[in-house]
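**Q** Okay, here's the structure, questions in a sec.
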Amino acid sequence: MTEHFCDDCNRLRLTAAGGLHACLGYDDSISLRDILRNGGDQSALHNAIAQSITGKRPGHGFESTGVGGPTKHMISVGG
């Protein structure tokens, strides 16, 4: 990683399985599929997406220590 740009990042990734990833540097995601399958409406989806955006971390430090990076394969989220 040549630049630490997390604080300026405005990207989200939605997987085919409905997982919304706010950061490719972490394994966590919000399952939009589960919200819909559990009877969630448009408001519930909007709130989940907004939470994902506002909850974006200011950065990560795994590139400096070499440990703690994501365990998911980038191909699984289109990266």
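**Q** Determine, for each peptide in 17-25, 34-42, 46-54, the mean count of other beta carbons within 10 angstrom over its residues, then list the peptides with the highest first. All intermediate terms of the calculation are to be shown ahead of the outcome.
**A** Details: 17-25: 18.2, 34-42: 11.4, 46-54: 13.0.
Highest to lowest by the protection proxy: 17-25, 46-54, 34-42.
**Q** Starting from 0.36 nm per residue, how many nanometres of slack lie between D41 and N10 once their C-alpha separation is accounted for? Mind showing how you got there, number by number?
**A** Values: separation 31, 0.36 × 31 = 11.16 nm, distance 2.47 nm.
This chain segment gains 8.7 nm when fully extended.
Bear in mind that the values in this text are calculations on the coordinates, not laboratory data. The structure presented is a predicted model; accordingly, all values stated were derived computationally and were not measured. Note that we place each Cβ from the backbone using ideal geometry, even for glycine, and neighbour counts take in every protein chain shown.
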